[in-house]
Every structure is written in structure tokens, then in C-alpha cells.
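Input: a single structure, listed below in C-alpha cells.
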Amino acid sequence: MSGGTYLGMPAFPEAARAATRDERLRGNLRHATHTIRDKRARAVAELPDWAELRAAGAAIKDRTLRHLDGYLERLEEAVTAAGGQVHWAADAAQANEIVTRLVLRTGEREVVKVKSMATQELGLNAALERAGVRAYETDLAELIVQLGDDLPSHILVPAIHRNRREIRDIFAERMGDWGRPAPEGLTDEPADLAEAARLHLRQKFLDAKVGISGANFMVAETGTMVVVESEGNGRMCLTLPETLISVVGIEKVVPTWRDLEVFLQLLPRSSTAERMNPYTSMWTGTSDGDGPSTFHLVLVDNGRTDTLADEVGRQALRCIRCSACLNVCPVYERAGGHAYGSAYPGPIGAILTPQLRGVDTALDASLPYASSLCGACYEVCPVAIDIPEVLVRLRERVVEGGEATVGGTRVRIRPARGHAAERAAMRAARWALDHPGALRAGQRVAGRMRRLQPRRLPGPGAAWSRTRDVPPLPPESFRSWWRRTRGESGEAGR
Amino acid sequence: MNAREVVLGRVRRALADVPRGEEPEREPLERGYLESHQPADPVELLAENLADYRALVHRATAGELPGLVARLLAERGASSVVVPAGLPPGWLAEVPDEVRRVADEEAATARLLDGVDSVVTGCAVAIAETGTVVLDAGPDQGRRRITLVPDHHVCVVAVPERVVDSVPLALRRLDPSRPLTWISGPSATSDIELDRVEGVHGPRRLDVVLLGA
């Protein structure tokens, strides 16, 4: 009922192989990603100072991360002073336990939810369900995913893999199980489908006593929370219930009120490609007679401090979840979001998930390889996260192992299995390059035998040559050509 | 050790590379971006951008406003309207008495508001470059829920006084301790095949009246 699970998913290459064979999925994804990326380029081009905004966005986030402890303490103080209650959670289990306890204490068994990446990462809905609490997703795409027992596949448009026909069928078949059924004779026109969602959720908003949200930004200086959205479901969940519980990753804090002037320009244009999204809500603690009378803020670590401990990898925590990197990524466009096996698909997921969860599983260890390192993601990132740099860093961690922080403890990661051939090849290369005589002899032999060169490599090389042409061996090596044409001393060319 | 200390302890250990005594506020932060993109006519740009996101934009003088508000409610067939406590009384002067006035008060719950057709408010600030009106729950705007549950919102913006060029200038005028709602066009979604549909949960029709001399 709470949808599928990412647990036990296959490594990226296997999942992607299935996805790339699905013609309709690829069609949906191609259309969607190209539409948003073109719109984004136009929205960004309207601002002549985009490069400066981007640099400032990165600098503010870096400043925050370098002094995260101080800003979190300041935030806690400001939220508390404004009438909110702050809770801390080191991991997903603690966060889910806190939220469940807060909900049960109200006596309610139903909650309305605003789309939140953090609660998806934590698996909050499943945890609430185990405690007998039903969580209703109210974002249209999240509703489609929830009713379809499905998983989100995009940060901004989680049902991007579904077309209108499929959505109509899901609504017609499943809405009745969750509340008000879909109207008779529902068509697959987007306006009709949106109307069906409006009617289905209206009663839930009006009855809701508890709302659960995330936040896009939290201002340390003032204790202000910010949620950006389009449909108005966010405003419903943030203002109508008596109790509001916001579950937010610790990296979402920004130092000052003024800093919002940067992010409220960067985020909408990068995300929905709009000058401004239809609705942005800002609240500070509680207000008398307007909105929830009880406000809880749950601050979540769940691997963020492990990420922070890596001086190269920590830049991933600048992410403002705009999803621009998904829309330009050639790998995402073909593989789709589910293959990434976490709440965070696409290039940002490929660097965030292995840092939040570690590289223990085959899936997580495969994610740093879900990229051609083309760098388009870095180009569009509004906070200048050098995703390729972090990918290479994580590949090194997978192949070579080494120091990392896991669950707050410094550990030595063992090299992953499955990369033995790569390590052996690199060791052999290092030896050969250190021994010019052996290299020369080897190249001479290879040059003579080049007619016998196979088109596919045998043994461990087979995986590499399955999708690539083996480059033809030249008749003579560069070194021997140089010696032959320029003489042994290499002086002839002068 | 409680979770708070665990998390803060982990943060401090993770930041072992940051020099002790580094004070973030003392480090310069390059803000090379513009405070405003200097629109030639901010009010005109506001109108253009609002319309671009499918808000309906009208202009009126103080004398014309009551007639315009009455017409906008009538066009919508409104039989009831929510009135914030501090709305200038003249704004609704020409709305017929048959249209029921609902006060914005504690007793006006979301369920009650669900049966009300329209709401008329002022606004705190409007942003030209983004086509945004910002409500801060001031006396002429009322509680957040009154501009959310009814399906039709008429928002009156005094021009040029309430208009700023840009997001940075808007934030400077706003008080973070008040609940703020930034509105840029009516509620919308692009979740189905990226086809934009106006009107999901918020008001499906947004009329913005630019009130000038």
C-alpha cells in the first residue's frame, strides 16, 4: 500500500538493461527531459547575472557546511524561540520513530503529506503504516505513484515514467480504495485527471489534523522554514492541520534571511524552469490563530555527516534538489529513474546515494559508474556541484578502498570484489611502464601478431568489449616509430 | 548520549579540516549578482509576468475599483466572499448585498471556507521580475487559509507603492516572523506528461488588480 521498496534492487547495469529495452518508457523520458531542459535554458538566459548567482549559491552552501554545527544550533534556538519544537535523528530508524511517536500522540491515524525527498529516503510512509497510521501523499505525481504501488523516478516529476493513459487507469481502479473514487467516465485529459485528484484529496485536506512536510530551506538566523511548490497541496498541508511535522536533512540550513534572495532565484528557474513557482510558503514557528498551533522540526543526519567528512564528496550536500542534472543526463534519459535504486535518481543520486548509504551493496557500488563523465550535470547545476569529480572520487573508493566515514565512524573500506581484473590490469601496467625493456618487447610481439587480434576480448575483458570496439593494434608502437624516424637520440626532428 | 549530541559530534569530527577559530561571518562572501535587473517599467513588467503565468490582470483607479471588484465577483457567479478584517470597506461597496460577506475569524474553518466562492485581499509586496504577489497575513490579507480554500482570489496591488523590481528587494521589505505566502499565478501542475494544467488545489482563478492613481 505504501508503494514499492528500493531494498534488494539489482545493480545499476542490470536494472538499466531492462529499462533501456522499454520503448514506451524511453519515449516518455526523452520527451520529458528534452522539454524541461529547453525551458530551463530559456528561463536561465533571462538573467544576465546567472553565473554570479550560481557562484554565490555555491559559496553560501560551502560556508554553511564548513560551520554546520554552529548554524544548526542557531536554527534550533530560533525555531524554539518562535514556538516550535526541535528533534534530532541520527539515522532513518530514529527519524521514523520520532515522527511515528509525534503522530500517535495526537491520537490521529491519518496524516496528509507534502512531497518530501527526505521522507522518501527514510521510508517514513512504510514505518507509519507499521504503526497503523495512513499517510496520504498529496502531490499529484506522488499520488499517482502511491495509488499505483510504484516508486518515484524523478525528483521533480516523480511519475514521469507514466503516460496519461496509465494514470487514468490507476485513478479509475485505485482511488476508491483510498477515499473518494474517481468520477464516472474519467478521460485521460490532464485537466480531467487533475480535477479528479482535486476532488479526491479535498476531504482529506479539510479533515486533516496532522500534516507532514520537508523543507527546501531553513534559515538559521530567523528560524524560518521555506517550502516551494506548484499545486497548492503544500499550502493545504502546511496551514490547515493543527499539528505540522517537518522532516528535514541537516544540510538544508542557510545562514541568513538575505541568503534566500539567491536560492529563490536559482531554484525555480533550474527546477520547473519558471521565473517563480506558483506557491512558496514561509513560516517561523507558530502564529496565533493562523496555521498549525503545534510545530515540530525533525533534523535528520542519516549519512549526511559521513558525506560531510569527505572533503571532495561533501559538495554533494550543496544540492537544492532542483533535478536539472537529471534532465540533461544521457544516462538518465535512457535508463530512467528506477535503475538508480534510491529516492535520488540521476547524476546527483549517483554521488549522493553511495555517500549516504556507503558502497557496501552491489547496487550502491555500481552507482558511481552510472555516468559517461560528460560533465553536462556540472554545467547546469545551480550550485556548481562538480559531479564528475565526485564520481571519480567514489570510483576510486570502490576499486581501491581506503578511508571513509560510515555511521559516524572512521573505517577502512575494502576494495570491492568484481574490480579485481581492473586492479590487476593497473598493476601490470604500472610494472610494464616501469620496465621499458619489457614494454618494448611486448609491443613488438603485439605488433607482429596483430592479424590474430580478436574482435572481442576474452576472459575479464569480455564485459568491456561487449559494448565497445576493440581498438586495432598498430603495426608498430609510437616509441619504435619515433626511434626509427628521429634516430635513437630523438634529435633528428630539431 | 542523546541524538542531538551524536549528530553535532559527528558534524564536528567531519569538519576536522576547518581551521579552529574560523569565523564564517568574517570571511568575505562574493555577492556579484544584481540587486535588481532594472526593468524600465516595473509595473508593466509585473503585469506581463503575471499574465504569462495565467493570472488575469486588471487596472483600476481608486474610483473604478469598487465597480471592478463587483464585476469580477459577478462574472464568477459568486454568492459569498471572504473579507479580511482590515480590508478597506470601500472596495466591496458596489458588491450587491445578496453576496454574503464571510468574516475572516477563528470560526471560519477550512470546512466552512470550502463553501465560500471568492476572497478579496490586498498584498504586502509584488515582484515585477517574477510576476509574484506576496501576502504577509496583514490586516487587508487575513489568515493564510482564506486565500487557499475558496476557488477564486481577487488580489489588489497598490501601484507603484507595493511593487519592487526583484526578489532581493522584496525580501528586504518582508518580515520573516510573519507567515508569508508567495503567489505566482494560479495553482498549477505539470505532473502529467509535462502538460501544464491550471488549478489543482489552490484557487483556480487569480485576478490581480493593479490599483493606481
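Step by step: first the residues of the stretch B:130-159, then only those that are at the interface with chain A (Cβ under 10 Å from one of its Cβ atoms) and among the polar types (S, T, N, Q), then the one that is nearest to B:L45 (Cα to Cα). Which residue is that?
B:T130
Has the stretch B:7-16 got at least one residue that is of a type in the set (V, I, T), under 30 Å from A:L299 (Cβ atoms) and surrounded by 12 or more Cβ atoms within 10 Å (Cβ to Cβ)?
Here is the first cut: in the stretch B:7-16, the residues of a type in the set (V, I, T) are B:7, B:11.
With the extra rule that they be under 30 Å from A:L299 (Cβ atoms), the set shrinks to B:7, B:11.
Subset that is surrounded by 12 or more Cβ atoms within 10 Å (Cβ to Cβ): B:7, B:11.
Yes, the stretch B:7-16 contains a residue that is of a type in the set (V, I, T), under 30 Å from A:L299 (Cβ atoms) and surrounded by 12 or more Cβ atoms within 10 Å (Cβ to Cβ).
Among the residues in the stretch A:252-264, are any assigned to a loop (DSSP other than H, G, I, E, B), crowded, with 24+ Cβ neighbours inside 10 Å and more than 7 Å from chain B (Cβ to nearest Cβ)?
Within the stretch A:252-264, the subset assigned to a loop (DSSP other than H, G, I, E, B) is A:255-256.
Still in the list and also crowded, with 24+ Cβ neighbours inside 10 Å: none.
No, because not a single residue in the stretch A:252-264 is assigned to a loop (DSSP other than H, G, I, E, B), crowded, with 24+ Cβ neighbours inside 10 Å and more than 7 Å from chain B (Cβ to nearest Cβ).
Considering B:V99, B:V95, B:V163, B:V156, which residue is more than 18 Å from A:S281 (Cβ to Cβ), without any contact (Cβ under 8 Å) to a residue 40 or more places away in the chain and surrounded by 19 or more Cβ atoms within 10 Å (Cβ to Cβ)?
Numbers: B:V99 fails: surrounded by 19 or more Cβ atoms within 10 Å (Cβ to Cβ); B:V163 fails: without any contact (Cβ under 8 Å) to a residue 40 or more places away in the chain; B:V156 fails: without any contact (Cβ under 8 Å) to a residue 40 or more places away in the chain.
Every option except B:V95 fails the conditions.
Hey, any hits in the stretch B:135-152 for a residue that's part of a loop (DSSP other than H, G, I, E, B), basic (K, R) and either in contact (Cβ under 8 Å) with a residue 60 or more places away in the chain or closer than 23 Å to B:P176 by Cα (or both)?
Yes, because at least one residue in the stretch B:135-152 is part of a loop (DSSP other than H, G, I, E, B), basic (K, R) and either in contact (Cβ under 8 Å) with a residue 60 or more places away in the chain or closer than 23 Å to B:P176 by Cα (or both).
Among A:R42, A:R26, which is at pLDDT 90 or above, more than 30 Å from B:P24 (Cβ to Cβ), more than 8 Å from chain B (Cβ to nearest Cβ) and in a helix (DSSP H, G or I)? Give the derivation first.
On the way: A:R26 fails: at pLDDT 90 or above.
From the options A:R42, A:R26, the qualifying one is A:R42.
So which helices (runs of 4 or more DSSP H) are wholly in the stretch A:377-464 and hold at least 2 residues that are in contact (Cβ under 8 Å) with a residue 12 or more places away in the chain and more than 30 Å from B:V11 (Cα to Cα)? Full working, then the answer.
Values: elements: A:387-400, A:420-434, A:436-448.
Because the criterion is at least 2 residues that are in contact (Cβ under 8 Å) with a residue 12 or more places away in the chain and more than 30 Å from B:V11 (Cα to Cα), the helices (runs of 4 or more DSSP H) in the stretch A:377-464 that meet it are A:420-434, A:436-448.
Could you tell me whether A:Y6 is hydroxyl-bearing (S, T, Y), touching a residue at least 60 places away in the same chain (Cβ under 8 Å) and not in a helix (DSSP H, G or I)?
Numbers: hydroxyl-bearing (S, T, Y): yes; touching a residue at least 60 places away in the same chain (Cβ under 8 Å): yes; not in a helix (DSSP H, G or I): yes.
Considered against the rule, which asks whether it is hydroxyl-bearing (S, T, Y), touching a residue at least 60 places away in the same chain (Cβ under 8 Å) and not in a helix (DSSP H, G or I), A:Y6 comes out as yes.
Within the bounds of the stretch A:80-90, is there any residue that is more than 30 Å from A:R134 (Cα to Cα) and either touching a residue at least 12 places away in the same chain (Cβ under 8 Å) or not acidic (D, E) (or both)? Even if it seems obvious, please write down each step before you answer.
Looking only at the stretch A:80-90, we keep the residues that are more than 30 Å from A:R134 (Cα to Cα), and these are A:81.
Add one more test, that the residue is either touching a residue at least 12 places away in the same chain (Cβ under 8 Å) or not acidic (D, E) (or both), and what stays is A:81.
Yes: the stretch A:80-90 contains one or more residues that are more than 30 Å from A:R134 (Cα to Cα) and either touching a residue at least 12 places away in the same chain (Cβ under 8 Å) or not acidic (D, E) (or both).
Taking A:T272 as the residue in question, decide whether it is at pLDDT below 95 and either surrounded by 24 or more Cβ atoms within 10 Å (Cβ to Cβ) or among the basic types (K, R) (or both).
Numbers: at pLDDT below 95: yes; either surrounded by 24 or more Cβ atoms within 10 Å (Cβ to Cβ) or among the basic types (K, R) (or both): yes.
Answer is yes for this residue.
Give all pairs with beta carbons closer than 7 Å in which a residue from the stretch B:167-180 that is within 7 Å of chain A (Cβ to nearest Cβ) meets a residue that is small (G, A, S) and outside any loop (DSSP other than H, G, I, E, B); count only pairs at least 6 apart in sequence or on separate chains.
Once the first residue is within 7 Å of chain A (Cβ to nearest Cβ) and sits in the stretch B:167-180, its partners that are small (G, A, S) and outside any loop (DSSP other than H, G, I, E, B) give B:P179/A:S287.
Might you let me know whether the stretch A:15-26 holds any residue that is open to solvent by 50 Å² or more (accessible area, probe 1.4 Å), without any contact (Cβ under 8 Å) to a residue 12 or more places away in the chain and under 18 Å from A:S323 (Cα atoms)?
Checked against the condition, which is being open to solvent by 50 Å² or more (accessible area, probe 1.4 Å), without any contact (Cβ under 8 Å) to a residue 12 or more places away in the chain and under 18 Å from A:S323 (Cα atoms), the stretch A:15-26 yields no hits at all.
Identify all residues within the stretch A:442-455 that are surrounded by 12 or more Cβ atoms within 10 Å (Cβ to Cβ) and closer than 26 Å to A:A420 by Cα; write none if there are none.
A:G442, A:Q443, A:A446, A:Q453
Residues of the stretch B:17-45 being polar (S, T, N, Q) and surrounded by 14 or more Cβ atoms within 10 Å (Cβ to Cβ), which ones?
Taking the stretch B:17-45 as the starting set, the residues that turn out to be polar (S, T, N, Q) are B:36, B:38.
Across the stretch B:17-45, the qualifying residue is only B:S36.
Being in contact with a Phe, Trp or Tyr (Cβ under 8 Å, 6 or more places away or on another chain), open to solvent by 10 Å² or more (accessible area, probe 1.4 Å) and within 11 Å of another protein chain (Cβ to nearest Cβ) is the requirement here; does A:V228 meet it? Spell out how you get there, then give the answer.
Values: in contact with a Phe, Trp or Tyr (Cβ under 8 Å, 6 or more places away or on another chain): yes; open to solvent by 10 Å² or more (accessible area, probe 1.4 Å): yes; within 11 Å of another protein chain (Cβ to nearest Cβ): yes.
Yes; evaluated as a whole, the condition is true for this residue.
Could you check how many residues of the stretch A:173-186 are in a helix (DSSP H, G or I) and aliphatic (A, V, I, L, M)?
Filtering the stretch A:173-186 for residues in a helix (DSSP H, G or I) gives A:173-178.
If we keep only those that are aliphatic (A, V, I, L, M) as well, we get A:175.
Counting residues in the stretch A:173-186 that are in a helix (DSSP H, G or I) and aliphatic (A, V, I, L, M) gives 1.
Going by what's in this entry, would B:S177 be described as more than 14 Å from the chain's Cα centre (by Cα) and open to solvent by 30 Å² or more (accessible area, probe 1.4 Å)? Explain how you work it out, then say what you get.
On the way: more than 14 Å from the chain's Cα centre (by Cα): yes; open to solvent by 30 Å² or more (accessible area, probe 1.4 Å): yes.
Criteria met by B:S177.
Could you say which residue among A:A365, A:A384, A:A335 is at pLDDT 95 or above and either open to solvent by less than 40 Å² (accessible area, probe 1.4 Å) or not aliphatic (A, V, I, L, M) (or both)?
Details: A:A365 fails: at pLDDT 95 or above; A:A335 fails: at pLDDT 95 or above.
That would be A:A384, the only listed residue that is at pLDDT 95 or above and either open to solvent by less than 40 Å² (accessible area, probe 1.4 Å) or not aliphatic (A, V, I, L, M) (or both).
Given the stretch A:66-168, what strands (runs of 3 or more DSSP E) lie entirely inside it while holding 2 or more residues that are open to solvent by 20 Å² or more (accessible area, probe 1.4 Å) and in contact with a helix residue (DSSP H, G or I) (Cβ under 7 Å, 6 or more places away or on another chain)? Give the steps one after another, and end with the answer.
Values: elements: A:85-89, A:110-113, A:134-137.
So the answer is A:85-89.
Do we find that A:L299 is assigned to a helix (DSSP H, G or I) and either at the interface with chain B (Cβ under 10 Å from one of its Cβ atoms) or within 14 Å of the chain's Cα centre (by Cα) (or both) in this structure? Walk me through it before giving the result.
Details: assigned to a helix (DSSP H, G or I): no; either at the interface with chain B (Cβ under 10 Å from one of its Cβ atoms) or within 14 Å of the chain's Cα centre (by Cα) (or both): yes.
So A:L299 fails the test.
State all residues of the stretch A:29-39 that are facing another protein chain (nearest Cβ under 10 Å) and open to solvent by less than 60 Å² (accessible area, probe 1.4 Å); if no residue qualifies, say none.
A:A32, A:T33, A:T35, A:I36
Residues being open to solvent by less than 10 Å² (accessible area, probe 1.4 Å) and farther than 17 Å from A:L143 by Cα: count how many of those fall in the stretch B:188-213.
Of the stretch B:188-213, the ones open to solvent by less than 10 Å² (accessible area, probe 1.4 Å) are B:188-189, B:192, B:199-203, B:206-210.
Keeping just the survivors that are farther than 17 Å from A:L143 by Cα gives B:203, B:206-210.
Matching residues across the stretch B:188-213 total 6.
Answer yes if at least one residue in the stretch A:293-314 is within 29 Å of B:P139 (Cβ to Cβ) and among the hydroxyl-bearing types (S, T, Y), and no otherwise.
yes
Quick one: in the stretch A:390-410, of everything that is closer than 14 Å to A:T305 by Cα and not basic (K, R), which residue is surrounded by the fewest Cβ atoms within 10 Å (Cβ to Cβ)? Break it down into steps so the answer makes sense when it comes.
Taking the stretch A:390-410 first, the residues closer than 14 Å to A:T305 by Cα are A:404-410.
Now restrict to residues that are not basic (K, R): A:404-409.
Numbers: A:A404: 20, A:T405: 21, A:V406: 15, A:G407: 14, A:G408: 19, A:T409: 10.
Residue satisfying both the conditions and the ranking: A:T409.
The values are calculated or read from the model by the stated rules, or taken from the named source; none is laboratory data. Just so you know, these numbers come straight off a predicted model, no measurement behind them. Backbone-built Cβ (ideal geometry, glycine too); neighbour counts: all protein chains shown. The protein model used for the area step is the full one, side chains on, heavy atoms only, and it has no ligands, DNA or RNA in it. Shrake-Rupley method; radii C 1.70, N 1.55, O 1.52, S 1.80 Å.
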